Structures are given as C-alpha cells and as structure tokens.
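The values are calculated or read from the model by the stated rules, or taken from the named source; none is laboratory data. Only a predicted model underlies this, so the values are computations on that prediction, with no experimental measurement involved. Ideal geometry is used to build each Cβ from the backbone, glycine not excepted, and the neighbour counts take in all protein chains shown. For accessibility, only protein heavy atoms count, side chains too; no ligands or nucleic acids. Shrake-Rupley method; radii C 1.70, N 1.55, O 1.52, S 1.80 Å.
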Amino acid sequence: MSESYNHAAIEKKWRKIWEEKPVNPKDAGKEKYYCLDMFPYPSGNGLHVGHWRGYVISDVWSRYQLMQGKYVIHPMGWDAFGLPAENYAITHGIHPAVSTADNVKNIKKQIQDIASIYDWDMEVNTTDPAFYKWTQWIFVQMFKKGLAYEKEMPINWCPSCKTGLANEEVVNGKCERCGADVTKKNLRQWMLKITAYADRLLDDLDKLEWPEKVKKMQTEWIGRSYGAEVEFPIDGREDKITVYTTRPDTLFGATFMVLAPEHALAAELATEETKAAVEKYISDAANKSNVDRMQDKEKTGVFTGSYAINPMNGKKIPIWLSDYVLADYGTGAIMCVPAHDDRDFEFAKKFDIPIVQVIAKDGKEIEDMQEAYTEASGTMINSGEWNGMESAVLKKEAPHIVEEKGFGRAKKNFKLRDWVFSRQRYWGEPIPIVHCPACGAVPVPEEELPLTLPEVESYQPTGTGESPLAAIDSWVNCKCPKCGGAAKRETNTMPQWAGSSWYFLRYVDNKNNDALVDKEKAHKFLPVDMYIGGVEHAVLHLLYSRFYTKFLYDIGAVDFEEPFTRLFNQGMITGKNGIKMSKSKGNVVSPDDLVADYGCDSLRLYELFVGPPELDSEWDDRGIDGCLRFLSRFWNLFTEQYEKDAPETKELIYERNKLIYDITTRLQSFSLNTVISGFMEHNNTLIALAKKGGVDRKTLSAFVQLLAPFTPHLAEELWEKMGNSETVFSSGWPAYDEALLVTDEVEVAVQINGKVKAVVRLAKDVDQAAAVAAGKEALGDKLSGNIVKEIYVPGKIINIVVKP
RNA sequence: GCCCGUGUGGCGGAAUUGGCAGACGCGCGGGACUUAAAAUCCCGUGAUGGCGACAUCGUACCGGUUCGACCCCGGUCACGGGCACCA
C-alpha cells in the first residue's frame, strides 16, 4: 500500500520549489496574456473566503493560459489610500502609512496562501510616492489640457465625515461610508471633465467583451439623449430662457415652463406680488438636503408671476419654479407639455394649468385625459403648421426647423456629470497645484513630483471643510513656480479612485522613474486581456479607468484606447441565508484555518465548486469535505493504477477523450463549478474502470494535467511521480479527438405521449423505422390504443403518440 | 415607479439550450471493517401510494404553444442588484 494523500507535506514542498524556480518565467519570446485582479484595499480585517474566490478564479484562468504556452502577466498590488486608514489614525493616532503597511503585510501573507502565480516583482502600492508621482503627473497633464478645473459648487456634504462626497458616494441620500444623511455645502472643488469623453466612453463599449449587464449600466449612467435647445422669449424683458427638450415635436403643447430653483433668473422673474413666495421657495430648496428633496414625491412649485412666449405659436405661458427640474442637467429650465409627459401632467393637474394634446392617440383627441400620452407615435393636432405630420418623423425634423426659424438648434445631452475629484482629507495624493495671487492656479513643475504628503500632527478633519493639510503653515506657504512670488499650496487631496484608475498600466513597468510606463513595454504587455472582480465596480471604477486610458491615449502615453478587453464579474460569497459577510454580523469565514485543515488545493476546489462563479453563493464549511475526499480518492487511484500500468482499452480511450472534452469546454465557458463536478464524476468512472481491469497511464497523466490549474500542488507532485523533471505547467494542455467522442451505440429514451416508459440501446446510425420498431418492442404491452404519430430524434428520443 | 437578474429535493447546485429533471457534492438512513469510535468502503435517499416489479404527482404560481417545456410565449408573486423626477 502506498502512502495516502498528505496535503500539508506536498504543499510545503512545492511552495519551496516554485519559489526557487517559478512556473511562469518572464519569457519575452512567448505570446503574452494579461490576467488581472481588481486590487484590494488592505483592510485591517484581512481576507475572507469571499475575497479568495475571485483570486482563485483568476489564478485558474492564468494557469490555464500558461499551459497553453503563453507568458502570463498576473500581478497584484494595493489600493491603499482611503478613509478607513485615516479614521483609524484619528482614533488611534497611528499614521495611516504605518497601519496600512501592517495590513499589507498580513493580507499579502493570506494571498500567498492561495498559491497564485502572482509576480511579486510587479507589486504596486498607490500610497508609494514613486507610484503617486505618476498619479499626480496625470492630473497635471489633465490640468494642462483643461480637463481639470476648479468650480465653486453645491456639493454633497457629509456632516459626520466632514467631507464632500461625489454623487456616486451618496447612496439613497446617505453617505456611502458612514450612513449619515447627506446635506449640501458650497465649496471650491477640483473637477475632472469626464463629460468631454462621454461619446467615446459610450460608443467604445461595443468593442468590449464585457457582460451585457455592465455595458448596459454604463450606457445608462452616461445617458446620452438627442433633442433640441429652444429659446423662449420672456414677456416684457429682453432676455430669453433656453430649454433642452427631447420632444421638440410637442412644442405647440408647451403650456408652461419650469425653472430649477437654482436657475440664475429664478429670483429675478418674481413680481411684487410673488416675491415673498418665490424667495421662500428658493431658500427652502437650497436648505433641503438631498434626502428630503428625493423623498418628496409630491410635486411642489411656485408661480414666478412672469410669462414666456411660446415661440411656435406666440402664446403667453406662465413660468414656474419647481425642484423637480434639476439645475445641473440640460439648461436648468424646461418647457412643459403636460399632455405628453408624466411629470408635467402631474404638475399641471395640481396647479390647474391648461393641458393641450398635440399628438392624436388612435387617431383622435383623448376625452377627459387621465394620464399623459407619452408615446411619440400619432398624427400632430392642435399644432398649426405641423398638423397632420407624424410625430415620430417630426421628432427628428423639429430641431432643424427651429434652427431655421432662428430660435433653437439640435442638441445632445448626457446624464453623466463632471467628476468631483477633490477630497478634504489627509490620506490621499496631494493635488499638485499652487495658488498664486498673481498667476492663479499653477501646476507643480513635473520635475518636482512627487509632491509628497507631509507629516501632520492631527488627522482630525478641520470641520470647516478644509483638509488637515491646511493646518500645516510650513507646507501650505510656498513660492509660485511661475513668478516666484508668495503662494499657497492646494490642500485638497485626490479621491481613492485616482490611483485605481490607472494602476494596471504600472505593473508592467513598476520601477520606471521617467515615465508612468515605458511605451515599448506598454505596447508589448498591455492592454489587460481579462479583468476579474466584483460587479460592485460595474460603473465607477471601470468608467474612470476607461476615461483615464482614453486620456493617456490622447496625449500619446499609451497606444490603446480601452484598458480591459474582457471582463468577468464574480459573485459574492455570503454567509448563511445570503447575508453579506461582515465583521459586525459575525459571519465572516477566514480561509486561514481551512487552508491548515484541508490544504490549499481543497479550498481552491471548493471555492469554485460552491456555485456558479458569476452568481452569489452561500458558504457552507461542510462542503469542503467532499473536495478533500475527491482529491484523496484520485490520489489513491493514481498511486495504485500508475504502478499497474493497465493496457489501454476502447473504453478507456473514450473515457479519456470525454474527460478532456468535458473539462476543456466547461473551463472555456467559465463554468468552473461544473468543471469540478466533472472531475469528480470522471474520477468515479475511473475508479469503476480500475476495478474492472485497470486504468492506463495515459489517462491518468491527462487527468493530472487537467487538474493542474485547479490543484497545482497535487498535480505537480503526481507529475513528478510519473518521472517528469519539468513542471506540469510547461507540459501543454491535453487535446481530445472529436471523432473518439462518438460511440457506436446510444441510449435512447422511449416515450408514450411524451412520458418516458423505457430505454433502449441503438446503433448510432439506425434509421427511423428500425428505431421505432425497437422502441415499440421495448414498450411491450405498455403500448395500447391507436398510434397517431411516431417520432424519432436520432440519438435522443423515440416518442409514440397514441390516442385511447 | 423603471431596467436587469434569480426562483429546481433537507441543503449547494446539474440538465450538452426544446428531448430520460435532480449529474456532482453536502447532509441523512442502513451495512462492512473495528473491542469501540474516527477515518475508509458498499447500498439507499424528490413526494405520495403499494411487501412488490410499479403507478401517480413534481422545476415559484396561473394560462398558452408543442409529439414533447426547468427551457419558448402571455400574465402573477417573491427575492436580489442597478437607476431613481435626466425634460
């Protein structure tokens, strides 16, 4: 009896060997494959089994590419700026750099337990000045191109974190980080003009092999629409109000206008009688937090007392203010067509404003309208010169008509807003800008980068909205790089997204001090072929990274426009009953003990076996027993049968081909859970064949190779036992012969009226008549009544349709 | 409210996309080995009825198409995710 499967000894042995002789040597001669994980934030809580899953998936995929003869770029790094470290510093007085370094050390050890083929020479850390030098450099380039600009704006303000938040950090009106209700505050902010890239970000989605779901989410986020800008003269005044509309075809139905309370003309349009009410409405809206404003489903509004002129028909229409009009979308003012827009309809009903239908529904005017008719299909009515036209056609032509008439133009709009890029925090990249009274905002000269983050006495937010950096006079006061006069440094820092928007470029040239990445290397190793991570980054991180990459392409820093060719989103691992794993819920499962008890290989298998990789899965520790049992059984099978060296039989050849086919096709379609069940099933079959007559070496060898990406230690050990001196990862991927997958005989189910009553074995090319005859024979006296139809689907089913 | 997923045994999940529902694993029951236990191995395991070979029902619910539906179509419900007045 040979020795049984000892995972601890085997894993220890191979870790050491791989350390000395990596299985993925840097080999410029091979075709490259860049398989990237979304890099983690080094949290103090360490990794749980959910984090593991993504890394196992990416490692299996990487090793599969490796076995296909590619040089695999598979790096790992740390997204280490961010609020938790800063909050920890506030409560414990420990510098974020110190606690972060500790966390990195712990998590790195945990990640190394996975036995991934990460190339640690490529490691990056966003908080390393040598790294953020380039994060700052990119910002300076954007500034020079006019894509980074300052703007005083009402930003979301978290009174608890005492910091400004981007729209995307506000979840249901609450701070994404701490859950406090978000209010508003006017602050000077640095903005990035991502909207300048809106069209390209949208159009280039077509080029990507990404999940449709993610593409759709990005499409909606960017939110492009086509319509027209139309100018409405104000009765009794010289100036005009410009609106944006996607439905210029309904212009004759515009019976009122609404301005956002923040609109520049809002207060001015008030008359003596309405002044008090208008001013109150404006100030209420300004003080209302986003939460309140969103929760008020019921429309509110106030009449300004002024009128505009509908430029199509010359009619006087009232101008109202209401907060359902957004100040920062379109022009902050809308024309209202209550007959054909739900919101306008609701508003008109509530404030008793006339409703004029301009598109016929089913060819006629609706009597006693109860809801808006929002379809753009029907004939125009009540629309003067447009009467009789089809609204769908007019919708496209109207922008050009108003342009000819001189009061409008075709226009497209986006929901996407510019990106609020500054944070009033300490633990982030300092924004490399100097404010000079004479020269304005001046970038720190590139040769002075990185502008390092200074030591600070207190990490406490200032509470005034300024960063803690503002309290360091010696740092703030400086000379203007342009004129040499006294100037002050920018004290805002960058958001956590800054580093993560481009880190994937740096791995392939992480020590370069002269460029963010050498152009040759970028051309050779980039872009990323496969990007693996959680779906929670479907919009922001992926959109920002695409924006950065396009910008870097435009300035000639890289020669590709899209960073991630293919994307895979893995599902979350949850605790019992689908509850998200978290420290506070006490349901976190650490991989550390499982690795010690079951071995890395078994845990890797179970991470995949637990469920389809793209869906959420509930973790149940007990399931891992099955994976360890499978490996032990295969180990025993191998050690017994390899010595025996049974002769190859027809049955074994078929089984080997089927095994390679099953594993390969399932792996290629990313059905990793069924890859594992496939291994188990084939192992059971081989055990049965071993009892019958033995299993040949060629089949065992293929099994070991197929297993290698999943259980690298065990595979290497068995591969070595077979007398191989080179690693299994340089042995290639086994091939199957399609022709050998076809058997001479097939099992076919025999049905009566679609219900299975018997099973027959048939020669694979038997004809319909013979098949049906065999089926009837198998049915025997179960068959009764009048046969009305006989169906034979070759190799699948015989169905006899009878009537009693 | 709108958009996108998902719904299958006690549990996690399979089903080559319209062709034998429940693969594989967990758990559970029985047996072998053992002084005993663990480990291991063998058998069983959707529900109901029957000693039984077998019969009927069964993929969230209601209906439809089809020789045949977890799969396609129409409607309903539940859960999860995204967006949330974008003119």
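Which angle from 0 to 90°, rounded to the nearest 10, does the C-alpha axis of helix A:768-779 make with the longest principal axis of chain A?
70
I need the per residue convex hull volume for segment A:211-351, using only the alpha carbons, in cubic angstrom as a whole number. Display every interim value, and only then the final one.
On the way: hull volume 17.6 nm³, N = 141.
Taking the convex hull of the Cα positions in segment A:211-351, it is 125 Å³ per residue.
For helix A:49-67, what angle does its Cα long axis make with the longest principal axis of chain A, in degrees from 0 to 90 and rounded to 10?
Roughly 60 degrees, rounded to the nearest 10.
At a Förster radius of 22 Å, what calculated FRET efficiency corresponds to the Cβ-Cβ distance of A:E726 and A:D597, to the nearest 0.05?
On the way: r = 32 Å, r/R0 = 1.44.
Calculated value: 0.10.
Using a 1.4 Å probe on the protein chains only, how many percent of the accessible area of chain A belongs to carbon and sulfur?
Numbers: 17870 of 35970 Å².
Accessible surface attributable to carbon and sulfur in chain A totals 50 percent.
Relative contact order for segment A:331-456: what is it in percent, counting Cα pairs under 8 Å that are at least 6 residues apart? Provide the component values of the computation, followed by the final result.
Working: 120 pairs, mean separation 16.1, N = 126.
So the answer I get is 13 percent.
Over chain A, what is the relative contact order in percent, taking alpha-carbon pairs closer than 8 angstrom and at least six residues apart?
Values: 1452 pairs, mean separation 113.1, N = 804.
Reported as a whole number, the value is 14 percent.
Of A:K216/A:K580; A:K145/A:K240; A:K511/A:K583; A:K21/A:K576; A:K207/A:K796; A:K13/A:K576, which pairs sit farther than 31 Å apart, going by alpha carbon to alpha carbon? Provide the component values of the computation, followed by the final result.
Numbers: A:K216/A:K580 25 Å; A:K145/A:K240 33 Å; A:K511/A:K583 37 Å; A:K21/A:K576 41 Å; A:K207/A:K796 39 Å; A:K13/A:K576 36 Å.
Over 31 Å apart, Cα to Cα: A:K145/A:K240; A:K511/A:K583; A:K21/A:K576; A:K207/A:K796; A:K13/A:K576.
Suppose R0 equals 56 Å. What FRET efficiency, 1/(1 + (r/R0)^6) with r the Cβ-Cβ distance, do A:N313 and A:D616 give to the nearest 0.05?
Values: r = 56 Å, r/R0 = 1.00.
Given R0 = 56 Å and the Cβ-Cβ separation, E is 0.50.
Do any of A:K644/A:K698; A:K361/A:K415; A:K144/A:K415; A:K650/A:K691; A:K184/A:K288 go past 19 Å between their Cα atoms, and which?
Values: A:K644/A:K698 12 Å; A:K361/A:K415 30 Å; A:K144/A:K415 26 Å; A:K650/A:K691 16 Å; A:K184/A:K288 8 Å.
Result: A:K361/A:K415; A:K144/A:K415 exceed 19 Å.
Give me the extension gain from A:T462 to A:T685: residue separation times 0.36 nm, minus the current Cα-Cα distance, reported in nm with one decimal.
Working: separation 223, 0.36 × 223 = 80.28 nm, distance 6.87 nm.
Residue separation times 0.36 nm, minus the Cα-Cα distance, leaves 73.4 nm.
Divide, for segment A:201-280, the radius of gyration over alpha carbons by 2.2 N^0.38 Å, where N is the residue count. Working shown, then result.
Details: Rg = 19.4 Å, N = 80, 2.2 N^0.38 = 11.6 Å.
Its radius of gyration relative to the 2.2 N^0.38 Å reference: 1.67.
Decide, for segment A:610-669, between rounded, prolate and oblate: order the square roots of the alpha carbon gyration tensor eigenvalues as a ≥ b ≥ c, take rounded if a/c falls under 1.5, and otherwise choose prolate if a/b is larger than b/c, else oblate. The partial results should precede the final answer.
Working: a/c = 4.63, a/b = 1.53, b/c = 3.03.
Oblate shape, in that a/c is at least 1.5 and b/c is the bigger or equal ratio.
For segment A:1-59, state which trypsin sites (Lys or Arg not before Pro) are in a DSSP loop and have at most 15 other beta carbons lying within 10 Å of their beta carbon.
Values: sites: A:K12, A:K13, A:R15, A:K16, A:K26, A:K30, A:K32, A:R53; in loops: A:K26, A:K30.
When the trypsin sites (Lys or Arg not before Pro) of segment A:1-59 are filtered for loop state and at most 15 Cβ neighbours within 10 Å, A:K26, A:K30 remain.
Tell me, in nm to one decimal, what length is gained between A:Y329 and A:F560 on full extension, where the rule is 0.36 nm per residue of separation less the Cα-Cα distance? All intermediate terms of the calculation are to be shown ahead of the outcome.
On the way: separation 231, 0.36 × 231 = 83.16 nm, distance 3.16 nm.
Stretched out fully, the A:Y329 to A:F560 stretch lengthens by 80.0 nm.
Sort segment A:530-659 into rounded, prolate or oblate with this rule: let a ≥ b ≥ c be the square roots of the eigenvalues of the Cα gyration tensor; rounded if a/c is under 1.5, and if a/c is not under 1.5, prolate when a/b is larger than b/c, oblate otherwise. Could the numbers behind the result be given before it?
Working: a/c = 3.14, a/b = 1.51, b/c = 2.07.
Cα axes put segment A:530-659 in the oblate bin.
Based on the Cα gyration tensor of chain A, what are the three equivalent ellipsoid semi-axes, each the root of five times an eigenvalue, rounded to whole Å and given largest first? Walk me through the intermediate numbers first.
Values: eigenvalues 688, 352, 102 Å².
Values for chain A, descending: 59, 42, 23 Å.
On full extension of the chain, what length is gained from A:K764 through A:R15, given 0.36 nm per residue of separation minus the C-alpha to C-alpha distance? Present the calculation step by step, with values, prior to reporting the outcome.
Numbers: separation 749, 0.36 × 749 = 269.64 nm, distance 4.91 nm.
Extending this stretch completely gives an extra 264.7 nm.
Which distance in Å, rounded to a whole number, links the C-alpha centroids of segment A:606-654 and segment A:357-391?
Answer, in whole Å: 67.
Out of all DSSP beta bridges with both ends in chain A, state the antiparallel percent to the nearest 5.
Details: 70 of 93 bridges.
For chain A, the DSSP antiparallel bridge percentage is about 75.
So, R0 is 22 Å and r is the distance between the beta-carbons of A:V393 and A:K240; what FRET efficiency does that work out to, to 0.05? Let's see the in-between values first.
Details: r = 28 Å, r/R0 = 1.26.
For A:V393 and A:K240, the calculated efficiency is 0.20.
Over the C-alpha atoms of segment A:46-145, what are the Rg and the largest Cα-to-Cα span, Dmax, in Å?
According to the Cα coordinates of segment A:46-145, Rg and Dmax are 16.8, 51 Å.
Where does helix A:7-20 land angle-wise versus the long Cα axis of chain A, in degrees 0 to 90, nearest 10?
For helix A:7-20, the angle is close to 70 degrees.
Name the GluC sites (Glu not before Pro) in segment A:421-508 that are in a loop by DSSP and that have at most 13 other C-beta atoms within 10 Å, would you? Present the calculation step by step, with values, prior to reporting the outcome.
Values: sites: A:E446, A:E447, A:E448, A:E455, A:E457, A:E466, A:E490; in loops: A:E455, A:E457, A:E466, A:E490.
Hits after loop and neighbour filter: A:E455, A:E457.
With a point put 7 Å past each Cα toward its Cβ, work out how far A:V742 is from A:N577 in nm, to one decimal.
5.5
Would you work out if segment A:406-530 is rounded, prolate or oblate? Take a ≥ b ≥ c from the square roots of the eigenvalues of the alpha-carbon gyration tensor; rounded if a/c is under 1.5, else prolate when a/b is larger than b/c, oblate otherwise.
Numbers: a/c = 1.65, a/b = 1.17, b/c = 1.42.
Because a/c hits 1.5 or more and a/b fails to exceed b/c, segment A:406-530 counts as oblate.
Are there trypsin sites (Lys or Arg not before Pro) in segment A:691-786 that DSSP puts in a loop and that have at most 16 other Cβ atoms within 10 Å, and which ones?
Of the trypsin sites (Lys or Arg not before Pro), the ones in loops of segment A:691-786 whose Cβ has at most 16 other Cβ atoms within 10 Å are A:K764.
Where in segment A:319-344 does the amide nitrogen come within less than 20 Å of the point 7 Å from the Cα of A:E403, taken along Cα to Cβ?
A:330-331
With n ≥ 4 as the cut-off for DSSP H runs, can you work out [θ] at 222 nm for chain A, using -39500 (n - 2.57) per run divided by the number of residues, rounded to the nearest 500?
Numbers: 24 runs with 283 residues, N = 804.
Per the formula, -11000 deg cm²/dmol.
What distance in nm lies between label points placed 7 Å from Cα along the C-beta direction at A:S283 and A:A28?
Taking the simple label geometry, A:S283 and A:A28 are separated by 7.1 nm.
With contacts defined as alpha carbon pairs under 8 Å and 6 or more residues apart, what's the relative contact order of segment A:425-471 in percent? Please report the intermediate quantities before stating the final value.
On the way: 39 pairs, mean separation 18.7, N = 47.
Relative CO of segment A:425-471 lands at 40 percent.
More than 16 angstrom separation, counting every C-alpha pair in segment A:495-595; what % is that? Please list the in-between numbers first.
Values: 3303 of 5050 pairs.
Pairs farther apart than 16 Å: 65 percent.
How far apart, in nm, are the 7 Å Cα→Cβ label points at A:T91 and A:F670?
If labels sit at A:T91 and A:F670, their model points lie 3.7 nm apart.
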